[in-house]
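The values are calculated or read from the model by the stated rules, or taken from the named source; none is laboratory data. In this text, all values refer to a predicted model and were calculated from it rather than measured experimentally. Heads up, the Cβs are rebuilt from the backbone with ideal geometry, glycines too, and the neighbour counts pull from every protein chain shown.
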C-alpha cells in the first residue's frame, strides 16, 4: 500500500486551497494540493462580478470603510454570522485585493474624469477624482451601501484564479490532479490526512499529513437547478461529516441567485444589476421597486429571489415551453458597456440562449447558487472537535455569511480565509506536538476499509442505479427544500432522502472497471451527497423560523428569541439515516451590531431578550465616544484584532484615510 | 461493450437543470459517434461507437453526453466542469473541429455528430484528455507566473497604480482558459512535441505587457526564442480560428516574433 507524507494536505485547488498552500509553503512547510480537475478549472473561475473590499477609490465608494462593509455583511447574514469573523474578514479584504494586485491580477482601474453610469434606471454622469486615477475600481452590488465590489471586467474569478494558480506553480507547489479524497484518516481526536483515489487508474493512496485543509467548494449539485459547476457536490463537507466527529454548520442556509438564465441555470452576474440592469415581468413592468422601495433590484440575493418567485406566483411570470421566468433587461446599459464590461454575459446569452442582450431581454429565474453552511470551524479555520482538520472558503462554515451571503463576498472569503487559515495552519505545523505520531496500522485500516467499500460497489450484488438515485435526490431537494419551504414538504423530503440513502447502500454497477469509471464515482459520491442533503433538509425542517435564505412559509418571521443559533450536524454512526443536530447559541451580549431590521426584506421579527439591553449599551458607548476615532469605538464594542495573524493586522490606507509616514 | 447502436430510451430528453424538453412536434433523432479507447484497459482497441438519442430543445453536447452516460453507457469518459463555457475542460473535436462541447448546441449541427478527443494531449480515455498535466509543464518551462520585484509588498498601503487601458489589455490576454483547442489545431505541434503552442506564446505576451513583471526581452528570449517557441510557428493560424475566447493569437504571435527576432539579433 502506498503512503505519501507531507506537512499540509489541501483538498481542493480553487482560490481558497491555493492561497492556503501558498501561505503554508512560504512558512517553510511542504504542501500537496489534491484536485479533481486542473486547478484553473475550479469553480472559483465562475465568479464573474467581483470581490468586495472597502478600498473606497471610486467616487460612489467614497467614505466606505471596514465598518460599513462589516454592517452590510452582518445585515446580509440576517445576524447569523460570527461578528468577530466578519471583522477579521473586512479588515483583511483590502489587503487581499492589494496582494493580488501585486501578484498579477489585472483589476479594472479607475479613470479620472466624467463617465456615464446607469443608476435606478437613469443615466447619470459621475466624476472620478484625479487622485483615484489608476487605483483599483469598484462597482455596485446587492446589499451594499457603497460601491465596494472590485472587479476584472466580468471575469473576476477567472483572473484571480489564473494569478493564484500561476503563483502556486511559481512556488513549486505540487498539485495532484484528477485525484479525489474519499475519506479522512483520523483517530477520533485528530485528523491525519486522507485516503485518496486516483480517478484515472483507480489506485488508492494514503496521504498522511500534520494538517488537512478542506477547500473543496460548495454543494450546489444536491439540487437539480443550480449555477454551480458539476464538481460542486459537497464531497469535502461529506468527508468531514463521515468522521462522526467534525460537524457541519448551518447546512440549511442555501442561497438562490436571482439571475440564472432560464432554463439552463447558468449564472449571469449580479454585476448586471449592479451596473444598472432591471428586472421586468410579463408586462414589461419593473416590479422590484413595488416590493423593495429602498434597495429595489439591489436588495440582498435572498430577498430579490423571493420577491421574484412571489411575483411569478401572482401570475406575472413569462410563460414559455419550459415553464415560467422573468426578464433581466440590460439593454439600457448600452452595447459598448455590455460587450466590454459584461462580455461573459454576452457570450452566455449568445451561445446558450441565442439572445443578443444588447437588444433583447434575458430570461432569468432564481437557481441554487451558494452553500453558506459547511465544515464548522473556529476563527482559525480549525474544526473545534477534530484537531488538525481545517476548512476554508465555501466548504467551510467559518462563519462570515450566516444565513445569506452578499454578492462579492465569496471570492473575497476564499482569498481572505486562505490568507488567515494558511497562517494558522503554519502555526499548527510549527508546534512540536503536531508531529505525525500515529501507528501505520491506523492508516492501513483506513485504506482497507475504503478499498472494501469500493469492492462491494464493484463486485457486490447491489441492484440500485446510482444515476437514478442522484436524479431523485436532486429533484427532491429542488421541489421540497427550495426558496420557499413548508413543514409538510420538508418532512416528506427528509423521508424521501432517508429512503434514497438506504437504497444507496445497495447500489450495483453496470460498469465494473476498477480504473477510470464514471459510474463508480457517481456511486460513492451519491452515498456521501445524500448524507449532506439530509443535513440540509433536516436542518431546514427543524429550524422553525425564517432567517436569510432559509424561508419557512409556516414560520415567516425571524425568531431571535429561539433561533439565534447555529445548527451543528454530525453523523454519529454509519448506519444512521439522519444527522444528529445540536445548536450553538450566538451571544447577543458580545455583538457589535445587535440584531435589528436589515434595511430591506421583512420588517417584523421576534427579538432576543438580550437585544434591547445590548442595543442600548452599544448606543450609549457610541455616544460617549462620539469624538473618538472610529477604530477606538470599534475596539471598545468588540475587540477582534488579536484574532488575526500578526502578518495581517493593521489599518488599511485609503485616499481619504492616509496612513502617514508611520511605517 | 458492444458497439451496436443503443436504442433510444423511453424517457424524453433531460428536463433536469431545466436544460431540455418541453416542445411539441417531431424531434430529430441524433446519431452521436464517439471515438472510444481506454488506454488503461489492455483489451481496449480504438473504435467508433454510435449512440442514438432524441434531440431536445436547447440541447447542448453537455446534456447529450450526460444523457448517454446516464441512460445508455455508464463507461463513457468525458470532462465537463462549469458547463458554461468558462473553464476550458470540455474541449473536444466536434465534426473535425476542436471546440468547447458544453456550449455547442446540437441544433447547430447535423443529425450525425462525430466526437473525438483532442489530439496531441495524453489520452485518459474516450473524450477525456490530460490538458492539465501539459499546461502545468508548459507553465513551468515558460515560468508562466508574474515575476515580482517585491513578492511581499506592504499590504496596508495603497496599491500600485496602473493605467485603466493597460489593465484592460492585460485582461484581454488573461482570458485564456487553457482549453487546448489552439494546440490541438496546431500544425507545428504535430511535428514538435515540445512546442509551447499559442497558449504558451500568449502567456508570455501577457507577462511581457505587464509592467509589474520584472523580466525583459532577453529573459523571454531564453524561454521562447527557439523552434519550440515563437520561431516554430508556421503562421497557419488555426489557433486563431478555433480559439473559443476569440483571443488575438495571430497578432500576439506575430508581435512576439518581431520582438524576439530583434532580441536574437542583438
- Read through the list (1) surrounded by fewer than 24 Cβ atoms within 10 Å (Cβ to Cβ); (2) over 20 Å from the mean Cα position of the chain (by Cα), then give the number of the only condition that residue A:306 fails. (2)
- Task: Kindly establish whether residue A:158 is buried (at least 23 other Cβ atoms within 10 Å of the Cβ), modelled with pLDDT of 95 or more and more than 10 Å from chain B (Cβ to nearest Cβ).
- Result: no
- How many of the residues making up the stretch B:98-115 are within 13 Å of another protein chain (Cβ to nearest Cβ), surrounded by 20 or more Cβ atoms within 10 Å (Cβ to Cβ) and assigned to a strand (DSSP E or B)? 2
- Specify which of the listed residues (B:67, B:55) is more than 11 Å from every other protein chain (Cβ to nearest Cβ) and more than 30 Å from residue A:156 (Cβ to Cβ). B:55
- Note on the structure: If we keep only residues of the stretch A:129-145 that are surrounded by fewer than 21 Cβ atoms within 10 Å (Cβ to Cβ) and touching a strand residue (DSSP E or B) at 6+ places or on another chain (Cβ under 9 Å), then the residue farthest from residue A:102 (Cα to Cα) is A:130
- Item | Matching residues in the stretch A:104-135 - criterion: being in a strand (DSSP E or B) and more than 31 Å from the chain's Cα centre (by Cα) | A:113, A:114, A:115, A:116, A:122, A:123, A:124, A:125, A:126, A:127, A:128
- Task: Take the stretch A:53-69 and flag every residue that is crowded, with 24+ Cβ neighbours inside 10 Å, touching a helix residue (DSSP H, G or I) at 6+ places or on another chain (Cβ under 6 Å) and over 23 Å from residue B:175 (Cβ atoms).
- Result: A:54, A:55, A:57, A:69
- Query: If we keep just the residues of the stretch A:24-39 that are closer than 21 Å to residue B:151 by Cβ and crowded, with 24+ Cβ neighbours inside 10 Å, which is nearest to the other protein chains (Cβ to nearest Cβ)?
  - Reply: A:39
- Evaluation of residue A:88 against (1) closer than 16 Å to residue A:420 by Cβ; (2) within 14 Å of chain B (Cβ to nearest Cβ) (one fails), failing number: (2)
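For the condition more than 30 Å from residue B:109 (Cα to Cα), more than 14 Å from chain B (Cβ to nearest Cβ), in contact (Cβ under 8 Å) with a residue 24 or more places away in the chain and within 25 Å of the chain's Cα centre (by Cα), what is the one hit in A:374, A:334?
After applying the criteria, what remains is A:374.
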- Query: If residue A:133 passes every condition in (1) modelled with pLDDT of 95 or more; (2) at the interface with another protein chain (Cβ under 9 Å from one of its Cβ atoms); (3) in contact with a helix residue (DSSP H, G or I) (Cβ under 7 Å, 6 or more places away or on another chain) but one, which one does it miss?
  - Reply: (3)
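In this structure, is residue B:181 touching a residue at least 12 places away in the same chain (Cβ under 8 Å) and touching a strand residue (DSSP E or B) at 6+ places or on another chain (Cβ under 8 Å)? Step through it out loud before you land on a result.
Numbers: touching a residue at least 12 places away in the same chain (Cβ under 8 Å): yes; touching a strand residue (DSSP E or B) at 6+ places or on another chain (Cβ under 8 Å): yes.
Spelling it out, residue B:181 is indeed touching a residue at least 12 places away in the same chain (Cβ under 8 Å) and touching a strand residue (DSSP E or B) at 6+ places or on another chain (Cβ under 8 Å).
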- Message: Quick check on this structure: which one of A:280, A:296, A:314 is surrounded by fewer than 24 Cβ atoms within 10 Å (Cβ to Cβ), over 21 Å from residue A:354 (Cα atoms) and touching a residue at least 40 places away in the same chain (Cβ under 8 Å)?
- Response: A:296
- Note on the structure: Of A:47, A:101, the only residue that is within 14 Å of another protein chain (Cβ to nearest Cβ), under 18 Å from the mean Cα position of the chain (by Cα) and crowded, with 24+ Cβ neighbours inside 10 Å is A:47
- Task: Would you point out the residue of the stretch A:300-312, among those that are out of contact with any strand residue (DSSP E or B) (no Cβ under 8 Å at 6 or more places or on another chain) and at pLDDT 90 or above, that is farthest from residue A:253 (Cα to Cα)?
- Result: A:310
- Scan the stretch A:473-487 for residues that are touching a helix residue (DSSP H, G or I) at 6+ places or on another chain (Cβ under 6 Å) and within 14 Å of chain B (Cβ to nearest Cβ) and report the count. 3
- Residue hits (the stretch A:225-256; within 13 Å of another protein chain (Cβ to nearest Cβ) and buried (at least 24 other Cβ atoms within 10 Å of the Cβ)) are A:225, A:226, A:227, A:228, A:229, A:231, A:232, A:233
- Of all residues in the stretch A:9-22, which are within 12 Å of another protein chain (Cβ to nearest Cβ) and more than 19 Å from the chain's Cα centre (by Cα)? A:22
- Note on the structure: Within the stretch A:403-445, the count of residues that are surrounded by fewer than 21 Cβ atoms within 10 Å (Cβ to Cβ) and part of a helix (DSSP H, G or I) comes to 11
- Item | Unmet requirement for residue B:256, which otherwise passes all of (1) within 13 Å of residue B:176 (Cα to Cα); (2) more than 15 Å from the chain's Cα centre (by Cα); (3) buried (at least 20 other Cβ atoms within 10 Å of the Cβ) | (1)
- Task: Could you name every one of the helices (runs of 4 or more DSSP H) located completely within the stretch B:116-228 that has at least 1 residues being at the interface with chain A (Cβ under 10 Å from one of its Cβ atoms) and surrounded by fewer than 23 Cβ atoms within 10 Å (Cβ to Cβ)?
- Result: B:131-142, B:164-174, B:197-209
